[in-house]
Every structure is written in C-alpha cells, then in structure tokens.
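Below is one structure, written out as structure tokens; the observations come after it.
The values are calculated or read from the model by the stated rules, or taken from the named source; none is laboratory data. Since the model is a prediction, treat every value here as computed from it, not as a measurement. As a convention, Cβ positions derive from the backbone with ideal geometry for all residues, glycine included, and neighbour counts pool all protein chains shown.
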C-alpha cells in the first residue's frame, strides 16, 4: 500500500516567502517593533547583537501578550491576516483603556519570521492572564517550514507581554546607532510608545540630521505649534507610521494619517511622498479642543481650525520644497513628450499650455508624471480641436455617476464606433418623430413630402428590408407614370415616386445576380403606396397595387420569381379589409394604418424613443416630450405587428 505524502517545503521557502524580513536586519527589527506596536505595547526593550559582541539578541515588550492557543494559531498560519482576524484597530490594555485604539501595522503575518534573521532556533516567551508559555521555534524541512515546541510554562505571572530571544544567534553587521535611527524615524510618532536599544531610549536625537528638521509655526492669538519633519529620503512599502501626528501634552491625538480629522486630504496615500514623510505637530495650547476620547479635535473649535490652517499650509510648503527637483523633472518630461502636438499650436495656445502644466505640477505635487502627461495631451488636443473647450463644459455638468458611465462607455467602445452607432439611432429616432408629427397633420396637402420619408423607413417593415441594396427603381416608376398619365406639376414631379390623386407610390427593388455575379432581374420588390392624411384604406385602395404589379410583369420589369410586398398606408383601415391579400405565391398586399406603422418603428428601435426622451437631439427639434411619447389611439381593430 502506498504511503500518504504530505506537502514538503524546500529549505529556502522562508527566504522566498518573507524576503528581506529575514535577510535584512534593519527590516527585521522594524517588523518586530511593529508587532509590539500592534500588541499595544508602551515599552519595547531591545538587546542588539552587534557582530563581535557575543551578546544574544532579544526584544521584549509589555503588550497584551498571547495565550498558548493564540500563539499556536498565529504562528502556525502561513500568511496570517491580522487585520481580518483581529480588526484594523487594536484596543489598549485595560489599565490604559481610556487611550484611543491603534491602527494595526501588520497584515500578511510575515513579520513574525523576522526573528530567524537573528538566530535559529529562537524562543518566544509570552504571558497574560497569569499564565506564561515559552515556545522554541526552529526551521524544518518536513511538512512545515518551521516547528513549534513548548519548552516551559508558568502560572501566577503578573502583567502581560512578549519576549523573543535567540540565545544561540550570531551577530549582525549593523550598529545599534543605525537601529536607533531607523526606529526613531518610524516610531516616535506616539509619545506613549517608547523603544530602547541596549538600555538607551530612542529619541529625536537619534534621527540623522539629514532626515529631521524642526521649526515653529506661529498661530496668531493662540501660541506656537512645534513641527517635526521626518524625511526618510526614500519611500516605505506602506503609509503606516507616516502622515501627520498631532500631540497635545505629550499624548497622541487620534491616528496619524494624511487625511485630517475633517476628511481633508493632504497627500494621496499611494504616492511616494506619503510613504516617505512623517510630520509630528506638538500643540499643547489645543488641550481644550481635544475630544473627550482623544480620537480627534472638536471640528467647530476656533483654536483648532486656526491652528490646522497654519500647520497644513506649512506642511504643504515643506512637501513642495522637498519635491521641487522631481517636479522640475516632471515638467521637462511632459513638455518633451508632448512637444510634437504643442508645436502645432499658435503662440497664445502654447503659452496657455505651458502655464497649465506648470500650475498642475506645482499645485498638485502628489500627481504622477504620467498622469500630468495624460492631462497635458488632452489640453493640447483641445487647443487643436475645432470645438476647443466645449467638451470640458460638458464634463463639468456631468454627475459622478454619469462620469462613471462615460468611462465604461469608452472602455467598451471607441469614440468613432460609438458615434457611428449613435448617429444611426439618432437618424432613425428623428425620422420616427417627423413621421409621427406629419402623419397626425390633417391639413397636410403635400403628400409628396411623405414619400422620401418612407423611402428611408423601409427598415420599419421588417429586418429583410434593412439591406442597403434596396433602392428606388426609377424604371418602374416611369412605367407607372406613363400608365397613369403625368397630371402632376412643379415639385411633385419626382424621379423616385409617382403622384396619385389621393397619395403617391414608390418602388424599391433589390437585384438578383447569376453565377457570374451579373444582374439577372429583380429578386425583391417593395411597393409603398402612401395615402393622404385622413384617407381610409378600403377594397379599392388595396386593389390598386395589384394593377401596378400586373403592369410591371407585362413590361418584363419583374418576373413570376420576383417576391413582391405591397404596403398601402393611410390614416385608418376599413375593418372589413384588415388582413393580407395574396396574389399567387409571390405577391402580398398589406394595408397598414399610420399609427401602427409608428408603433412598429418604435418596436424595431427597442423602445429607445421613450428611453431617450431627454436626448438633446430630440429636444433641439422643439419636441414636447409628453406629447411626443403619447401613444396614438388606433381607430380600428387590432393588427398583427409581427408580420
């Protein structure tokens, strides 16, 4: 019987899984201190193992500690998600329960592997609720990348906390001073969180001069706010322990962030600067403006609003000064990349474009170069476009939801393809509206005006008439004109239809081709006879198209193989004449009232006439939307629209 084989881990798994967390001693110690922060420690003591000192590494905190079950679950779970398991904020221990929650630092559970950078195995001693347990953690090449083993327990232990140590570890080529610099640059944000390295507390004095600056910000009538500016010179992976931290009487107010207490955003958290800078503001004169739970400041407090305005203005200046070189480079890159389009502009347009690029980069230091370039290209194209900035006016009037819809539209369509589709829709909806309006007009004498509209409306009769091959057949028209005599005059003499005493008739055909692709007669013929408004279609009117068809056959213009559909349209149909008349196998005569024709057109257009009632192209025609949408009432029995 084959034995079951569990998952095996290569000896290099942890290095690949955790990366610099267990290869870089600076990254490793920052992660371990961050774990203590998440556990709501107020004191962290580090013994640093410089190479040659033969001093074992250890880090001890007075955080909330862990039970045996807590430790085993957290350490045994690959990629343990602290935020998902314990929340985005951590409650303080009961003895300092009046302190506000802390925003947790860890998320992917890899920081706990940092201790392997200082030794293998390492031990974890953790205590809470009177119980203490000590584990040994060592690498493994079995079915787990590391193994946990309990090596001691105690009861009756006071307090809470965690200590990680590597008694058999090796030293590292990083000095304790470097460690203090790195910790100070990230964890001095909260005065209630103290870190010592080899017995010396980390203070602002440990931050290198190149990374720390201080200045006073006067607030007229209130006092002076002291501003610490910590610049790491490079971006961290996240904005954790970055942003603006407000201190009052040596206590942190709220949570440090780039979003102020009133939702004012100073920096976009995705930018390099947001992950690089930390501003600490000490303003003890705001004690009366702090909320009772220390979660923020009272929004309506005048001292707070005045101080915030002065401090935020100074912070923006500091960020702008620090990013001046980057902004200068961004301007040059954008102007070089868009130079071809700008060169085609007249001088006044080029000047406006350059001023725009300078203003955007200077006033929005967090915007990325490629984003500026995108905006600059749009501006250049608008300057060159015939419509100039009319598009901006349209965008200005759009609501957020409409902007999202426009973005989705442009994701799914090109502007050109969307315009082609919308132009066709617009043309057809305008046609329906014009037909509806004219077919309701009892005083309309110029029935000849209707025939060109129906010529563009063959698609209403059915999908088989959508083909662009259907065209007016002048030859057939001339035969009928001679048959009936040319009694009309003036503008009624049209080459594509014939004027009748009570209307007009048009002929629209599609050719048939032989195997050599030569025209071999007429495959399909549509006869559209349009009666004057007010005319009722009776038996005589329905019989008239059959006379035309017989004459065309006699002249040899169509054959018995030609499929012919005759439509006779009028204001209403005699109830006794409802239905289709068939002449042989290939000729169909159908009477149709105008209101049915309009309703069929609306159905073919998927009801867009109603859905697009507010479309500008319809409103521009002087359309009364309510009257336009009001369905005409049929004056005869129901007709089948499916044919």
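For residue 37, are the conditions met, namely being within 20 Å of residue 121 (Cα to Cα) and surrounded by 19 or more Cβ atoms within 10 Å (Cβ to Cβ)? For residue 37, the condition - within 20 Å of residue 121 (Cα to Cα) and surrounded by 19 or more Cβ atoms within 10 Å (Cβ to Cβ) - is not met.
Taking the criterion of being under 21 Å from residue 53 (Cβ atoms) and either surrounded by 18 or more Cβ atoms within 10 Å (Cβ to Cβ) or without any contact (Cβ under 8 Å) to a residue 12 or more places away in the chain (or both), the residues of segment 182-198 that qualify are 182, 183, 195, 197. You will find that of 316, 326, 350, 359, the residue that is modelled with pLDDT of 80 or more, out of contact with any strand residue (DSSP E or B) (no Cβ under 9 Å at 6 or more places or on another chain), farther than 30 Å from residue 250 by Cβ and surrounded by fewer than 19 Cβ atoms within 10 Å (Cβ to Cβ) is 350 and no other.
Only strands (runs of 3 or more DSSP E) whose full extent lies in segment 154-242 are considered here, and the ones with at least 1 residues that are more than 28 Å from residue 67 (Cα to Cα), at pLDDT below 90 and touching a helix residue (DSSP H, G or I) at 6+ places or on another chain (Cβ under 8 Å) are 212-219, 223-231. Quick check on residue 294: is it surrounded by fewer than 16 Cβ atoms within 10 Å (Cβ to Cβ) and more than 15 Å from residue 225 (Cβ to Cβ)? So residue 294 fits the description; yes. Sub-8 Å Cβ pairs linking a first residue in segment 307-320 that is outside any helix (DSSP H, G or I) to a second residue that is at pLDDT 90 or above, at least 6 apart or interchain, number zero.
Would you check if residue 424 is under 30 Å from residue 327 (Cα atoms), surrounded by fewer than 16 Cβ atoms within 10 Å (Cβ to Cβ) and modelled with pLDDT of 75 or more? Criteria not met by residue 424. Within this structure, residue 387 passes the test of being over 28 Å from residue 316 (Cα atoms) and in a loop (DSSP other than H, G, I, E, B). The helices (runs of 4 or more DSSP H) falling completely within segment 445-526 that include 1 or more residues that are at pLDDT 70 or above and surrounded by fewer than 17 Cβ atoms within 10 Å (Cβ to Cβ) map to 450-455, 474-484.
Test residue 136 against the criterion of being without any contact (Cβ under 8 Å) to a residue 40 or more places away in the chain, in a strand (DSSP E or B), closer than 20 Å to residue 42 by Cβ and assigned by TED's automatic domain parsing to the domain that holds residue 51, and give yes or no. For residue 136, the condition - without any contact (Cβ under 8 Å) to a residue 40 or more places away in the chain, in a strand (DSSP E or B), closer than 20 Å to residue 42 by Cβ and assigned by TED's automatic domain parsing to the domain that holds residue 51 - is not met. In segment 71-84, the residue that is farthest from residue 103 (Cα to Cα) out of those that are at pLDDT 75 or above and surrounded by 15 or more Cβ atoms within 10 Å (Cβ to Cβ) is 72.
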